[in-house]
Amino acid sequence: MSAVLETRSLVKRFGGLAATNDVSLAVERGARHALIGPNGAGKTTLINLLTGVLEPTAGTIRLDGDDITTLAPHLRVRRGMVRTFQITQLFQSLTPLSSLALAVSVHRGESGVWWRRLGSDGAVAAECETLLERFRLADVLDQPVHALAYGKRRLLEIAMALACAPRVLLLDEPFAGVPEGERQEIFETISALPDDVSILLIEHDMDLVFNFARTVTVLVNGAVFAEGDVETVSRDPRVKAVYLGEDHG
Amino acid sequence: MLTLLFDGVAYGMLLFVLAVGLAVTLGLMNFINLAHGAFAMAGGYVTVLLMNRAGVPFLVCLPIAFAATALLGAVLERTLYRPMYARPHLDQVLFSIGLVFMAVTGVDYVVGSMQQNIHLPGWLQGRLPIEAVGIGKYRLFIIVTCAILTIALQWILSRTRFGSRLRAAVDDPRVAGGLGLDVNRIFLATFAVGSGLAGLGGALGAEVLGLDPTFPLKFMIYFLIVVSVGGTTTITGPLLAALLLGIADVAGKYYVPKLGAFIVYTVMIAILLWRPQGLFGRAAAR
Amino acid sequence: MSATPDAVAAPPAQRNGATSPAARSLAGYARWRWWELALFAALPLSWLLLPAQSLLLNEIAIVALFAVSLDLILGYAGIVSLGQAAFFGFGAYTAALFAKDVLPDPLTGLAVAVAASALLGLATSVLILRGSDLTRLMVTLGVASILYELANKLDWLTGGADGLQGVVMGPLTIPGTALAGFAFDLSGRTAYAYSLVVLAIVLVLARRLVHSPFGVSLQALRDNRLRAASIGVSTSLRLVAVYTIAAAIAGAAGALLAQTTGFASLDVFDFHRSAEVLLVLVIGGTGYLYGGIFGAIVFKLLHDLIAAWTPQYWNFWLGLFLVVLVLVGRDRFVRPWTWFGRRSATR
């Protein structure tokens with residue numbers, strides 16, 4: 001199986017509502033896979049299920065062939081599945097540097113170290129340096145996160161995910177709220193990610209999807225509506241109908 | 001034994017009326033108000049002062065206690081509490097502890113620290129000899145009054161428009177606001193009513209629980225137990241929790257006086273360990 | 001959590017670039033600030049220069065130590081607790097009973113009290129793992145209340161409401177050194193020195209802790225538990241660890257109180273104790289470890305000032321102070337360096 005992440009008949013019910021309805025999804029190794037669908041289709045719910053924030057009502061999730069359906073969220077991260085959040089979730093009182101240093105330290109298994117200071121390991125500092133450069137955060141490395149401009153916060157959001165050295169990266173609308181001019185920066189960073197990182201991207205903007213993705217899954221009302229390579233799906237009349245009336249640009 | 005049960009139920013119902021405002025405030029505004037007991041104390045003192053100084057009959061004092069405390073609650077909500085809703089819980093705790101200290105010492109200064117006595121009207125004193133069990137008339141009165149209040153509350157919540165707005169706002173304030181509900185007014189009204197009920201409970205309870213300036217501090221933990229064990233998403237939850245607490249406390253003090261409040265705390269911890277959201281609460285980790 | 005620097009042969013921060021801005025900043029976060037050094041210098045100076053105030057200063061040092069324990073769980077890990085007095089009191093009674101019934105040696109008693117409090121902390125830590133802030137508030141309050149009741153009822157052991165009297169401490173002796181035979185006398189000088197040393201040691205160790213990856217992960221948990229989990233930080237073990245450590249420190253403070261005053265009473269478990277240490281910490285500022293010291297000093301000064309003027313109604317002014325403090329905003333209060341610009345980039 002070349003699928004690095006897959007779900008089988010995944011279901012999530014809230015009371016009578018099936019937010020995720022029998023979803024079987026496979027993310028291939030090295031994929032550039034977009035997950036699209038109208039608002040309320042259940043895309044973020046699916047990400048929450050994949051990362052373990054929500055517990056599925058039925059179905060299984062496999063990472064590299066291992067069943068992780070009941071695995072705790074932080075352990076899934078340790079196995080290489082990392083996500084970003086649509087609404088930025090950051091550590092308000094830390095700085096970009098210490099946030100990244102923490103993420104790197106956790107990845108290196110040093111999160112339990114209590115007798116040496118954060119970053120005493122030179123490799124951690126080096127790694128942070130690289131990330132700060134790549135995400136153009138070097139000029140704000142020491143600023144408290146709560147004082148950062150929105151664009152920088154979006155960048156930090158993604159930088160932190162990368163600090164965990166993910167093998168599977170789940171990006172939940174990384175461009176949300178980012179002004180047109182700054183989107184390119186983020187887009188280039190994501191596109192420059194190595195080929196062995198498998199990416200699942202939730203996105204509304206069809207241009208971005210077209211430019212970035214090779215595979216697309218369309219989610220409607222919690223179920224897989226259409227799936228295939230990006231050309232086929234974008235020309236599918238049913239998909240267009242589903243998006244009729246949706247204003248996205 | 002039946003007398004104990006009866007007394008426990010009376011105590012429990014009283015605790016419920018006292019604490020229901022706190023439960024709704026917490027569930028609605030996500031505000032930990034440790035000063036809730038001060039409103040109860042206010043109602044008690046209003047009643048005592050009116051009865052002893054102005055000779056107002058007991059029954060008339062009760063609605064006055066409710067109204068006065070509700071007004072006090074409304075004023076404080078609008079001025080002091082509202083800016084605190086968005087604050088972290090620690091700030092709310094500190095704030096309300098500060099208010100309690102002020103209230104306790106303020107009352108001590110104005111009225112003195114002796115326990116206040118209420119002279120119940122004659123028809124409420126004594127016991128009704130029913131079978132072999134003597135049922136205290138006043139405790140019966142308490143149970144009846146509180147039962148009526150509970151039914152009224154439940155009716156308001158489920159049958160009136162205000163009730164459904166309140167339930168919507170508790171469920172999700174942002175969505176409710178987005179639907180055009182005036183969340184501020186709902187908060188104000190709810191806080192006022194909750195405080196008023198506490199005041200009424202304080203008036204009712206003055207004879208049974210004792211009334212002195214340290215009342216809010218003494219009973220704060222009981223109110224909090226009712227709310228944390230009962231959960232904040234229903235009013236039947238706190239009702240059952242209050243009854244449980246009332247009966248357990250009365251029974252405990254009678255059967256095992258050596259252990260006293262120990263049992264209550266242990267049971268509370270055990271329950272919260274088992275179900276952190278309360279016995280009847282929804283598992284919303286806030 | 002298996003990879004170790006030894007296995008991966010990481011270059012020390014120096015070699016990889018003492019010039020790399022990231023490395024420099026990271027080192028800077030943990031560096032001793034001038035005012036920290038000044039503070040540590042002031043501690044022994046106060047002992048030397050203010051011998052007549054030793055008893056008072058001892059009180060302040062003990063409260064400060066207690067506040068450090070609360071700062072770890074509240075300021076750094078974000079656990080709202082109204083029951084830290086449980087461990088304070090447990091340490092006090094353990095130390096007092098140990099001195100009375102086993103061995104009056106202060107250091108041994110301190111060690112025993114710390115260990116006992118740590119165990120209690122470990123045992124009760126399971127209570128704070130789940131649930132909302134209110135739940136945690138209630139269970140911490142509940143534990144302290146239970147211990148209060150226990151101490152009250154087990155009066156054959158604890159002296160009940162009268163307290164544990166007649167605790168006579170032996171002289172302070174540090175084995176293996178020439179420091180021996182310092183008796184706890186009425187002047188309180190030995191007591192104050194003793195408390196100061198314990199406070200200093202705890203501060204240094206706590207400082208290492210909060211600047212370490214573990215310490216920063218606690219702050220991450222406090223700031224955003226969801227995100228912390230999303231970068232792989234496990235919650236439960238961490239909280240258990242810090243809660244246990246904080247309990248040990250609180251126990252040490254309680255033990256110091258019992259040992260230096262020769263007395264232990266029920267009020268060590270009282271709600272007022274928990275509320276007071278919370279207030280002290282809030283006055284001094286949470287989340288930078290030294291808030292306890294500044295808060296304890298300010299609190300004591302305020303208390304003596306106001307209590308002299310209106311002894312019965314001190315609580316009123318205390319309450320007013322609290323209300324105003326919170327309305328104005330805790331951050332904008334006693335933190336002089338925040339007046340000079342950069343907000344805590346010390347983490």
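A quick yes/no check of all residues on (1) within 30 Å of C:G28 (Cα to Cα); (2) in contact with a Gly (Cβ under 9 Å, 6 or more places away or on another chain); (3) within 14 Å of chain C (Cβ to nearest Cβ):
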residue	(1), (2), (3)
A:F14	no, no, no
A:L50	no, no, yes
A:T70	no, yes, no
A:L75	no, yes, yes
A:S93	yes, yes, yes
Tally of residues being outside any helix (DSSP H, G or I) and under 22 Å from B:T69 (Cα atoms) across region B:201-231: 5
Any chance B:V46 is in a helix (DSSP H, G or I), away from chain C (no Cβ under 11 Å) and free of Cβ contacts under 8 Å to residues at least 12 places away in the same chain: no
Checklist (1) at negative phi; (2) in contact with a helix residue (DSSP H, G or I) (Cβ under 9 Å, 6 or more places away or on another chain) applied to A:L46, failing item: (2)
Boolean, C:V216 is touching a Leu at 6+ places or on another chain (Cβ under 7 Å), assigned to a helix (DSSP H, G or I) and over 29 Å from A:P73 (Cα atoms): no
Any hit, region A:100-119, residues being among the small types (G, A, S), in contact with a Lys or Arg (Cβ under 7 Å, 6 or more places away or on another chain), closer than 30 Å to C:A27 by Cβ and not assigned by TED's automatic domain parsing to the domain that holds A:T215: no
Checklist (1) under 13 Å from the mean Cα position of the chain (by Cα); (2) within 13 Å of another protein chain (Cβ to nearest Cβ); (3) under 21 Å from B:L149 (Cα atoms); (4) of a type outside the set (V, I, T) applied to B:G202, failing item: (2)
Criterion violated by C:T173 - all others in (1) at pLDDT 90 or above; (2) hydroxyl-bearing (S, T, Y); (3) in contact with a strand residue (DSSP E or B) (Cβ under 9 Å, 6 or more places away or on another chain) satisfied: (1)
Given (1) more than 9 Å from chain B (Cβ to nearest Cβ); (2) surrounded by fewer than 20 Cβ atoms within 10 Å (Cβ to Cβ); (3) without any contact (Cβ under 8 Å) to a residue 24 or more places away in the chain, number of the condition C:L157 does not satisfy: (3)
Only listed residue being surrounded by fewer than 19 Cβ atoms within 10 Å (Cβ to Cβ), of a type outside the set (A, V, I, L, M) and more than 17 Å from the chain's Cα centre (by Cα), chosen from C:W309, C:W317: C:W309
Residue in region C:265-288 that is surrounded by the fewest Cβ atoms within 10 Å (Cβ to Cβ), counting only those that are in contact with a Gly (Cβ under 6 Å, 6 or more places away or on another chain) and small (G, A, S): C:G287
Residue under evaluation C:M169, criteria (1) assigned to a helix (DSSP H, G or I); (2) surrounded by 16 or more Cβ atoms within 10 Å (Cβ to Cβ), criterion not met: (1)
Residue in region C:196-205 that is within 21 Å of A:T51 (Cβ to Cβ), touching a helix residue (DSSP H, G or I) at 6+ places or on another chain (Cβ under 7 Å) and in contact (Cβ under 8 Å) with a residue 40 or more places away in the chain present: no
Every residue from region A:179-218 that is surrounded by fewer than 13 Cβ atoms within 10 Å (Cβ to Cβ) and acidic (D, E): A:E180, A:E188, A:D195, A:D196, A:D207
Cross-chain or 6+ apart pairs with Cβ under 7 Å, region B:245-261 first and under 19 Å from C:N152 (Cβ atoms), then of a type in the set (D, E, K, R) and in a helix (DSSP H, G or I): B:K258/C:K153; B:L259/C:K153; B:G260/B:K253; B:G260/C:E149; B:A261/C:E149
Given (1) part of a loop (DSSP other than H, G, I, E, B); (2) more than 7 Å from chain A (Cβ to nearest Cβ), index of the condition C:V233 fails: (2)
Checklist (1) part of a loop (DSSP other than H, G, I, E, B); (2) touching a Pro at 6+ places or on another chain (Cβ under 9 Å); (3) under 24 Å from C:I283 (Cβ atoms) applied to B:R87, failing item: (2)
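The values are calculated or read from the model by the stated rules, or taken from the named source; none is laboratory data. The structure presented is a predicted model; accordingly, all values stated were derived computationally and were not measured. Glycine also receives a Cβ, built like all others from the backbone with ideal geometry; neighbour counts cover every protein chain displayed.
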